[in-house]
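Heads up: the structure comes next, in structure tokens.
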Amino acid sequence: MRLLFISLFCLLITSCASSNLTSSWVDKTYTQMPIKSTLVVAMSDNLRVRRIFEDDMVHDFRKNGVNAISSSQLFPNKLPSKNDIAGYIKNNNTQTVFVAQLVNIEDKNIRYPGNNYGYGNSVSFHSYYNDSYSYIYDDSYTVSYEFVNVEFTLFDTKSHKPIWSTSSESVDPTNMNDIIAELTHILIENLQDNGVVR
């Protein structure tokens, strides 16, 4: 039964929502919101991941009235240079650039206790020692998770300054398509909540 619970728990962890935003900021003095256009750039040398994320983000931007285009559509075989981006912005009068950048990947071990319960107000030496003793031999277990942190920043192309930014944390991103779809959804919700898109 215990093994079944652990298996189900791990399945739920990896199949349910596994991404969340850890911070968010918006420039309240910026007067050109909601934005009208953007170029989406994922700073990745993995062309497949870059294309999937940019295409999903562009799709969600367009659903919210933003004329968006992905850098992978313009530069499918390479990550565009700063000059490449500047040239496109100048020729198309693009208002903003949306940049996604990987910040950190870290493995963390999380221990889940077994039969070690809280003591409340009834703690005594006997109960404390017995529980501590049994804790050494209990059925607690440790699960290793991969945490991926990504930073997202929206820049105004005239001032070159950020007007919105947020960071995300994803746990065990084994299915990249699902993680990206989840991320773009919560990013658009945050952009809506901050008035950046309609």
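Read the figures in this text as sums done on the coordinates, not as results from a lab. Bear in mind that the values here come from a model prediction, so they are computed numbers and not experimental data.
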Segment Gln192-Phe75, length gained on full extension (0.36 nm per residue, minus Cα span): 39.3 nm
Derived scalar couplings ³J(HN,Hα) [the stretch 193-198; Karplus, 6.51 cos²θ - 1.76 cosθ + 1.60; whole Hz; x for Gly, Pro]: 4, 8, x, 6, 10, 7
Whole-Hz ³J(HN,Hα) from phi, Karplus 6.51 cos²θ - 1.76 cosθ + 1.60, for the stretch 57-74, glycine and proline x: 5, 4, 4, 5, 4, 5, 4, 10, x, 9, 6, 10, 9, 8, 5, 6, 6, 7
Nearby lysines by direct alpha-carbon distance to Lys28 (threshold 21 angstrom, same-chain neighbours under 8 apart not counted): Lys36, Lys158, Lys161
Vicinal HN-Hα couplings computed from phi for the stretch 19-29 (Karplus, 6.51 cos²θ - 1.76 cosθ + 1.60; Hz; Gly/Pro x): 10, 8, 8, 9, 7, 7, 8, 9, 7, 5, 8
